[in-house]
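Q: Can you keep this structure in mind? I'll have questions shortly.
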Ligand SMILES: [Zn+2]
């Protein structure tokens with residue numbers, strides 16, 4: 001199974017998709033409230049078949065507009081809630097038996113702003129070229145087909161983000177395998193840094209792009225604009241959405257850069273070793289800069305890219321000593337301070353660039369990241 005993501009073009013009827021999501025949220029709320037009432041009266045939850053029967057009745061009586069929604073989607077909402085209750089009961093059973101399972105809560109009513117996607121599993125839609133037709137609306141929506149999907153479509157999901165853009169996710173079965181890149185025989189350790197984004201053990205340094213810094217200013221001014229508005233006013237909502245848009249654009253640019261960088265590395269090396277950092281700890285220590293560089297995000301992209309092209313990621317645990325040992329002889333330089341960029345080993349005399357030495361050590365201790 002493989003999922004591809006496509007963005008819908010901005011088009012006048014896109015609001016239909018938003019309304020569909022909101023309507024299904026209405027169904028979600030209604031069914032969960034129903035379950036609670038049922039429980040209060042009968043002391044148990046209603047079965048799925050009972051709920052489905054009830055939905056059929058609702059369409060005739062108090063909720064005639066449910067007839068306009070894809071019936072399979074309404075069923076899906078009911079099924080998801082039912083699954084939630086089943087998991088909850090399984091959890092209670094296991095707990096009663098004295099086991100200690102992972103905690104599962106009772107299904108909760110999601111607030112509107114967290115209910116942002118709907119899924120078609122079987123029928124009810126058609127895809128021709130870059131047009132998605134939803135049968136019951138008799139409307140087509142075009143999306144930007146920046147790449148082709150392969151295999152048979154098993155499931156489609158429509159998502160809305162907090163900026164108000166809509167996306168289509170196509171989950172395909174038996175996609176054509178991607179081509180593996182030919183092996184080069186190169187391997188490298190990579191050390192993440194504040195100023196230099198990556199230092200590779202063969203001496204290559206990759207600086208952080210300038211737009212990381214520029215984007216901070218953009219966020220700051222969007223934040224300031226928001227704080228000047230009266231909370232809850234129209235202008236405030238506009239400013240809030242603008243801030244979300246700025247954040248999204250920056251995240252997109254950053255991810256784009258990460259993908260390009262990861263691809264460059266994957267082409268050049270067969271094995272890349274990275275350090276898994278304690279991201280939470282560093283965020284507290286260094287403030288925004290680290291979260292901005294988003295090492296964690298890059299590691300995941302690199303790992304994904306390596307898997308895709310048949311290369312290997314090695315990882316060095318965050319407790320491994322990588323900075324102080326000499327990469328030539330292993331002697332630990334206990335006196336090394338944070339500011340020393342260059343140092344010479346007292347044991348074997350070799351001189352080191354701090355970051356390259358660390359990268360070499362990362363390569364040495366790295367184990368395959370599975
Ligand atoms: Zn040494």
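Q: Take the alpha-carbon centre of region 348-370, take the same for region 58-85, and report the distance between them in whole Å.
A: About 58 Å separates the Cα centre of region 348-370 from the one of region 58-85.
Q: Name the shape class, rounded, prolate or oblate, that the alpha-carbon gyration tensor gives for region 150-245, where a ≥ b ≥ c are the square roots of its eigenvalues, rounded holds for a/c under 1.5, and otherwise prolate holds if a/b is larger than b/c and oblate otherwise. Could you put the intermediate results ahead of the total?
A: Details: a/c = 5.48, a/b = 1.26, b/c = 4.34.
Oblate, since a/c reaches 1.5 and b/c is not below a/b.
Q: Between residue 150 and residue 100, what's the calculated FRET efficiency when r is the beta-carbon distance and R0 is 41 Å? Round to 0.05.
A: Efficiency for this residue pair is about 0.40.
Q: Find how much the distance from residue 131 to residue 206 grows on full extension, using 0.36 nm per residue of separation minus their present alpha carbon separation; answer in nm with one decimal.
A: Answer, rounded to one decimal: 22.9 nm.
Q: Between region 169-201 and region 236-278, how many Å separate their Cα centres?
A: Centre-to-centre distance over Cα atoms comes out at 14 Å.
Q: First measure r as the distance between the Cβ atoms of residue 72 and residue 344, then evaluate 1/(1 + (r/R0)^6) with R0 = 56 Å and state the FRET efficiency to the nearest 0.05.
A: The calculated FRET efficiency here is 0.20.
Q: Next question, about the same structure. Express in nm, to one decimal, how much length is gained between residue 224 and residue 263 on full extension, taking 0.36 nm for each residue of separation and deducting their alpha carbon distance.
A: 10.4 nm
Q: With axes computed from alpha carbons, what is the tilt in degrees of helix 354-365 against the longest principal axis of the chain, rounded to the nearest 10 within 0 to 90?
A: Around 70 degrees separate the two axes.
Q: Can you tell me which of 339, 130, 112 moves the most in a GNM of the chain? Springs connect C-alpha atoms under 10 Å apart.
A: Between 339, 130, 112, it is 339 that shows the largest mean-square fluctuation.
Q: If I stretch the segment between residue 256 and residue 3 completely, what's the gain in nm (0.36 nm per residue apart, minus their alpha carbon distance), one decimal?
A: Fully extending the segment from residue 256 to residue 3 adds 89.2 nm.
Q: With an 8 Å Cα cut-off and a minimum separation of 6 or more residues, compute the relative contact order for the chain in percent.
A: On the way: 501 pairs, mean separation 57.8, N = 370.
So the answer I get is 16 percent.
Q: Follow-up. With the crude spin-label approximation of a point 7 Å out along Cα→Cβ, what separation in nm comes out for residue 214 versus residue 80?
A: 3.9 nm
Q: Just from its helices, what would the mean residue ellipticity at 222 nm be for the chain, if runs of 4 or more DSSP H residues each count -39500 (n - 2.57) and the sum is divided by every residue, rounded to the nearest 500 deg cm²/dmol?
A: Working: 9 runs with 161 residues, N = 370.
Rounded to the nearest 500, the figure is -14500 deg cm²/dmol.
Bear in mind that the values in this text are calculations on the coordinates, not laboratory data. Since we're looking at a predicted model, the values are computed, not measured. Note that we place each Cβ from the backbone using ideal geometry, even for glycine, and neighbour counts take in every protein chain shown.
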